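Written below as structure tokens is the structure these notes are about.
What follows draws every value from the coordinates through simple rules; no lab data is involved. What you see is a predicted model, and the numbers here were worked out from it, not measured in a lab. Methodologically, a virtual Cβ is constructed for each residue, glycine included, from the backbone with ideal geometry; neighbour enumeration extends over all protein chains shown.
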Amino acid sequence: MEEKLRKIVNQIAYTQKLSSLSPLHLSLIPLLFLSSSLYKFAQSFRHTLYHFGFLRKHRLPVPVISVGNLTWGGNGKTPMVEFIANWLANDVGVSPLILTRGYGGADEAKMLQRHFNGTSVKIGVGANRAATAASFLHRYGFVDITHFEKPTKPIPKSQVVYDKIGVAILDDGMQHISMFRDLEIVMVNALSPWGNHQLLPFGPLREPLTSFSRADAVVIHHADMVQDHSLSDIESRILETNRFLLIYLSAATPSHFFRAPNISSRLPLDTVFEKTVLCVSAIGSPSSFVQRIEKMGVLYVDSLDYSDHHQFQTKDIETIKERLQNLKNKFGSKPAIVVTEKDYDRDNEILRGLDPFEVFVLCCKLQILRHNGCSEDTFKMLLTRSLS
């Protein structure tokens, strides 16, 4: 029931013409509108308290890079956090601390911990980011890197992970206004940027679009999956609020698969070539996941989409197996299941219930695309300036 309600609310949030909605959807709009109005008032009041100093902002003794968004899910925040952490650890030679809230089963935090296991990158999980940061800074110490003018040599991979912290990365930090930041990066989903332009829960916006005025840079994610005119429309809307904003484009570039539960296996992308595939996901932008699989030369793609951070239950596994059996009967061969890393890390044990069907996990890396003079190199220059 809860999952069904989430889907209904999501459909309302991303529908431009309310007249096209069903009577059930329309019956919820007054309640959603009222909730949205209360949310707007509470958010405005909170900003006012911080603006006039009634609530205190925390300043860390290291530079803070915030990666956030204005809408819920699918904007590429976690891949960008990972991109920046890799750059800091491997190119700059600095040990970063990622501060993440860890909601929704902490799937993103678990994925980051798996990716950075054995490196100098530290992952701090907790709703109170200031308290989490204080704990890690006390435990590991910190180093002043504000005098850095250019990247130093990379950290040797054999080095132990107890390096002093040089930078904090605030994951999902746009609305976490209780902490000062030196760089504000806002992620935007090119496939579904603003929905119906309403605030939560009536719409997908966590803040009004005027909040772009607080940003230093915007990154439009999944930019490779939309037409140029759509990108131009998104850019124009952003620049209406802040015409001096730097706008970058990014893509989630598939790198390989691994066969669950063997995370050390590294299978090529043609593993699913001419196969029947069922994409199962509980992420913010399931359409981007399905479209990337379709481009791999598969025979047929089916999909089962759940709301972002959905915890798979036994009944879900039964539904998935039933869909797989239908595909097997239709095409005469055993289909494969493909999930995202976030879905795998949320609860990989329950996926074992899909035997004897194979579960492949798609791994992607964020890539900065060249666009209007902006590139990966200029983006790294922006990051470097924020450190000094």
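Please give me the summed charge of the neighbours of residue 137: other residues whose Cβ is under 15 Å from its Cβ, Lys and Arg +1, Asp and Glu -1. All intermediate terms of the calculation are to be shown ahead of the outcome.
Working: positive: 59, 122, 129, 139, 164; negative: 144, 163.
Computed value for this residue: +3.
Each residue of segment 112-128 was assigned a 3J(HN,Hα) from its phi angle through the Karplus curve 6.51 cos²θ - 1.76 cosθ + 1.60 (θ = phi - 60°); the sequence is 4, 5, 5, 5, 9, 4, x, 10, 7, 6, 10, 10, x, 10, x, 5, 8 Hz, with glycine and proline shown as x. Each residue of segment 366-379 was assigned a 3J(HN,Hα) from its phi angle through the Karplus curve 6.51 cos²θ - 1.76 cosθ + 1.60 (θ = phi - 60°); the sequence is 6, 10, 7, 8, 6, 6, 6, x, 9, 8, 4, 5, 5, 5 Hz, with glycine and proline shown as x.
Which shape class applies to segment 254-366: rounded if a/c is under 1.5, otherwise prolate when a/b exceeds b/c and oblate if not, where a ≥ b ≥ c are the square roots of the Cα gyration tensor eigenvalues? Mind showing how you got there, number by number?
On the way: a/c = 1.28, a/b = 1.01, b/c = 1.27.
In terms of gyration-tensor shape, rounded.
For segment 36-74, chymotrypsin sites (Phe, Trp or Tyr not before Pro) are listed when DSSP marks them as loop and at most 14 other Cβ atoms sit within 10 Å of their Cβ; the list is 52, 54.
Highest mean packing first, where packing is the average number of other Cβ atoms within 10 Å per residue, the peptides 357-364, 219-226, 241-248, 12-19 line up as 219-226, 357-364, 241-248, 12-19. Sorting 330, 4 from the fewest to the most surrounding beta carbons within 10 angstrom yields 4, 330.
Using only Cα coordinates, the Kirkwood hydrodynamic radius of the chain works out to 22.3 Å.
For the chain, what does -39500 (n - 2.57) per DSSP helix run (n ≥ 4), summed and divided by total residues, give at 222 nm, in deg cm²/dmol to the nearest 500? Intermediate results must be reported in sequence, preceding the final value.
On the way: 10 runs with 132 residues, N = 388.
-11000 deg cm²/dmol, from helical runs alone.
Considering only 320, 53, 102, the residue lying farthest towards the positive end of the dipole of the chain is 53, judged by Cα position with unit charges set on Cβ.
How charged is the neighbourhood of residue 234? Take every other residue with its Cβ under 12 Å from the Cβ of residue 234, and add Lys/Arg as +1 and Asp/Glu as -1. Result for the neighbourhood of residue 234: -3.
Classified by the C-alpha gyration tensor, segment 13-102 has an oblate form. Its axis ratio a/c, with a ≥ b ≥ c, is 1.5 or above, and a/b does not exceed b/c. In terms of other Cβ atoms within 10 Å, 187, 296 run from fewest to most in the order 296, 187.
Reported to the nearest whole Å, the Cα centre-to-centre distance from segment 159-206 to segment 357-383 is 17. Charged neighbours of residue 282, selected by a Cβ distance under 11 Å, balance to -4 (K, R count +1; D, E count -1). Please report, in debye to the nearest 20, how large the charge dipole of segment 49-134 is about its Cα centre when each Lys and Arg carries +1 at its beta carbon and each Asp and Glu carries -1 there. In debye, rounded to 20, segment 49-134 gives about 340.
Projected onto planes of every orientation and averaged, the convex hull of the alpha-carbon atoms in segment 2-51 covers 4.5 nm².
Within 10 Å of each candidate Cβ there may be at most 13 other Cβ atoms; applying that plus a DSSP loop requirement, which GluC sites (Glu not before Pro) in segment 271-330 survive? Could the numbers behind the result be given before it?
Details: sites: 274, 294, 318, 322; in loops: 274.
Passing sites in segment 271-330 are 274.
Each of 62, 125 was scored by other Cβ atoms within 10 Å of its Cβ. Listed from fewest to most, they are 125, 62. Building the convex hull from the alpha-carbon atoms of segment 298-364 and averaging its projection over directions returns 4.6 nm².
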